[in-house]
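Taking it in order: structure first as structure tokens, then the write-up.
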Amino acid sequence: MKRILAAFALIALNSGCGGNSCERDAENYRPRECAIKVASRDFRWRWFSISGTNTKDGTQNTYSDLGSWYPLFTEHIAIGDTVVKRKNELVFYVHKKDTVLAFPFDCEGKVFH
């Protein structure tokens, strides 16, 4: 009986992986925003957390979230970079010393704007 319940639990957890989940994820990411010069970072699996100085007002700030978008660009974020995600946009920008990298939200091969 425990195995059957465990199987149903796994099915329920994975049921959001298809269908319109890309649109739902896009709408979830759209209102989020940050502009942080990175002083510390924590990336584990789908967990994304950066802390540092807010470039708009100079305060200390943390942006943390769990999602499928972040693992696509975490390897490009280093201490000292500035990470920008503008409200209502589906692009994360990583500002390096000499270049800016842009990472649009891509889900199942479709780029969302």
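Just a few scattered comments:
- Checking K37, K87 one by one, the residue that is at pLDDT 95 or above, out of contact with any Gly (no Cβ under 8 Å at 6 or more places or on another chain) and charged (D, E, K, R) is K87 and no other.
- Qualifying residue in the stretch 8-21 (condition: under 14 Å from the mean Cα position of the chain (by Cα) and at pLDDT 50 or above): no
- Scanning the stretch 47-70 for residues that are more than 21 Å from D25 (Cα to Cα) and out of contact with any Ser or Thr (no Cβ under 9 Å at 6 or more places or on another chain) gives N54, K56, D57, G58.
- Counted residues, the stretch 29-48 - those being surrounded by 14 or more Cβ atoms within 10 Å (Cβ to Cβ) and within 20 Å of N88 (Cα to Cα): 7
- Exactly one residue out of N61, N88 is in contact (Cβ under 8 Å) with a residue 12 or more places away in the chain, more than 13 Å from the chain's Cα centre (by Cα) and closer than 20 Å to K110 by Cα, and it is N88.
The values are calculated or read from the model by the stated rules, or taken from the named source; none is laboratory data. Just so it is clear, the structure is predicted and the values come from calculations on it, not from any experiment. So basically every Cβ, Gly included, is an ideal-geometry build from the backbone, and we count neighbours across all protein chains shown.
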